[in-house]
1. Inside the stretch 371-389, can you point out the residues that are in a helix (DSSP H, G or I) and farther than 20 Å from ASN306 by Cβ?
2. Which pairs turn up if I take residues in the stretch 188-208 that are on the phi > 0 side of the Ramachandran plot and look for partners that are open to solvent by 50 Å² or more (accessible area, probe 1.4 Å) and at pLDDT below 90 with beta carbon separation below 7 Å, at least 6 apart in sequence or on another chain?
3. Out of all the residues in the stretch 310-329, which are touching a helix residue (DSSP H, G or I) at 6+ places or on another chain (Cβ under 6 Å), without any contact (Cβ under 8 Å) to a residue 60 or more places away in the chain and crowded, with 18+ Cβ neighbours inside 10 Å?
4. Sort out which residues of the stretch 224-265 are within 23 Å of GLU182 (Cβ to Cβ), open to solvent by less than 80 Å² (accessible area, probe 1.4 Å) and β-branched (Val, Ile, Thr), and write them in order of number.
5. Note down all Cβ pairs under 8 Å where the first residue falls in the stretch 386-408 and is in contact (Cβ under 8 Å) with a residue 40 or more places away in the chain and within 21 Å of ARG335 (Cα to Cα), the second is part of a loop (DSSP other than H, G, I, E, B) and charged (D, E, K, R), and they're at least six residues apart or on different chains.
6. Considering only the stretch 365-405, state which residues are over 15 Å from THR432 (Cα atoms), polar (S, T, N, Q) and open to solvent by less than 50 Å² (accessible area, probe 1.4 Å).
7. Among the residues of the stretch 435-459, write down those that are within 19 Å of GLU546 (Cα to Cα), surrounded by 18 or more Cβ atoms within 10 Å (Cβ to Cβ) and among the hydrophobic types (A, V, I, L, M, F, W, C).
8. List every residue pair whose Cβ atoms sit under 7 Å apart, with the two residues 6 or more apart in sequence or on different chains, where the first one lies in the stretch 229-246 and is free of Cβ contacts under 8 Å to residues at least 12 places away in the same chain and the second, anywhere, is open to solvent by less than 80 Å² (accessible area, probe 1.4 Å) and not in a strand (DSSP E or B).
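The values are calculated or read from the model by the stated rules, or taken from the named source; none is laboratory data. Values in this document were obtained by computation on a predicted structure and should not be read as measured data. No Cβ is skipped: glycine too gets one built from the backbone with ideal geometry, and neighbour counts run over all protein chains shown. To get the accessible areas, we keep the full protein, side chains included, count just its heavy atoms, and leave off ligands, DNA and RNA. Shrake-Rupley method; radii C 1.70, N 1.55, O 1.52, S 1.80 Å.
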Amino acid sequence: MIKQQEIVKEVVENIGLLDDRKIRAALDEQFNTKERLAKILVRLGYVANESVGNTLVPQIGILPIAIKTEDIDLTVANVISSQLAASHRVIPYKIKNKTLLLATDDPINFLASGFFEKITNLDIDMALVDKAGIDKALAELYSPKQKEKPQSDLGKLSEAIKDVKGDDDAPVIKLVNMIIEEALKRRASDIHVEPLDRKFRIRYRIDGVLHEIQGPPKRLQGSIISRLKIMAGMDIAEKRLPQDGRIKLKLEDKELDLRVSTLPATYGESVVMRILDKSGFMVGLEDMGFLPENKKDFERLINIPNGMILVTGPTGSGKTTTLYATLSHINQKERKVITIEDPVEYQLDGINQVQVKPQINLTFASGLRSMLRQAPDIIMVGEIRDLETAEIAIQSALTGHLIFSTLHTNDAASAVTRLVDMGIKPYLVASTVQGILAQRLVRTICPSCRETYKPSAEEIAMLSLLPDQLKDFELYKGKGCSTCNNTGFKGRMGIYELLIMNDDMRELVIENTPGTVLCKKAREFGMRTLKEDGMEKVKRGYTTVEEVLRVTQDA
């Protein structure tokens, strides 16, 4: 039983309008027909329409009014599109003190209130009008002649919200789709649906940073989470255990694949959706943000015939995207390329991709063993998590394969230490690892509101600027505009630390030299650290000092 039904059942039972048998019959009928509950109660003969209105209105706080279409400001009417108004049986009547009064002939229209509060960013009050009044107002206010008149900004917003097509047009379905559409519009990578003590919070991760939007009313929490679980193919009755699922849909001619995860929390199930936009995925190395010198060295590194190349960084630092871009760059019809991933995020043309399935013992290690019997030239292992996987990857690199993989380390030199700590002999690491790329993602300055300013003394010190460089030197920042949601940033790029193995570095690895010493030696050979690469991009106007410091504090 969804939240809306629980509210209605409680109200109807408390006022003694219907017995439990009739309530259950009406709710079962609603489940099958998808009709509004008030209409079902009247059709089944349980109540007269007037009885529903007169009895329930005092209980749920809806005031009866006599609507006059000539008194309705067309600007207010256009706050909501004609399709949404007709679907929900509401008329935007007036706006006062940031509160929108909606007239409706359905006193049990609980979900409409939360839905329109979200899309208008206004508080909602409901008023009751008879059916004839709503029919008359809908016909007059949303006639073709009236549609020719200009709409308010809120009206344009609501027109942009596409109604869900299909037999079930329940408001909660439209609200869920609107939340996903808005995330896509704002370029979000993740949607976080979080039940809290007194609120139901929705947050979008945009360019790596979470932004809270105005969430639906707390009472819609159960309905929205149930809808998301149904879309993801999860068990909606199971609320005690975490679940994983996927949602595939097409919005605005874009194919979306959402990885959905639920986690039981104190005030309800937390839901996180990772948005994978298949139509907008960039796989070119030129789009990754390499400086010319790093790009040249990295391209030379990935074209070697065998060995191991590692990409390191924390979760969300773009490691998988870098590997996808790399494989796309070196993929040729003369080479067989196989990947094993958890999960397969994007399908790459001409590449065999395998999904890890631990429940049937298809792990990175077992999958990697089987892949070697396929005679591949290039193998990508999504992540080296344990000694068994590391050993097989090392042996594969020793026997003539080119291996790409990732590790969770803060910098490039620490990857060597991590492999040794796993149990790999230092001489094997030295023999197979050809290069290590550590990376982070920084937000880039919005081009629409980019402006110059004089750097502070602290920023000058951070950038290691010399006195002769300070003359007429300026930095850039984003002022904030509608294009970037007033953040000053739009999009992201990588900052990199590329450690390339040479004979001197290999000798240090064999001697089990600490990572700090390896890093110092690599810098002597020209390696630029993450922070140094980031500050160079600050000088070139791509990002800001604060942004670089935000992502490199642990490096």
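1. LEU387, GLU388
2. From the stretch 188-208, the pairs are GLY208/GLY316.
3. Of the residues in the stretch 310-329, the ones touching a helix residue (DSSP H, G or I) at 6+ places or on another chain (Cβ under 6 Å) are 310-313, 325-326, 329.
So of that shortlist, the ones also without any contact (Cβ under 8 Å) to a residue 60 or more places away in the chain come out as 325, 329.
Scanning the stretch 310-329 gives a single hit, ALA325.
4. ILE224, ILE225, ILE247, VAL260, THR262
5. HIS401/ASP377; LEU402/ASP377; SER405/GLU383
6. The one that is over 15 Å from THR432 (Cα atoms), polar (S, T, N, Q) and open to solvent by less than 50 Å² (accessible area, probe 1.4 Å): SER366.
7. Filtering the stretch 435-459 down to residues within 19 Å of GLU546 (Cα to Cα) leaves 439-447, 449-459.
Pick out the ones that are also surrounded by 18 or more Cβ atoms within 10 Å (Cβ to Cβ) and you get 439-446, 449, 455.
Correct list: LEU441, VAL442, ILE445, CYS446, CYS449.
8. Partner pairs satisfying both residue conditions: ILE230/ILE236; ILE236/SER226; ILE236/LYS229.
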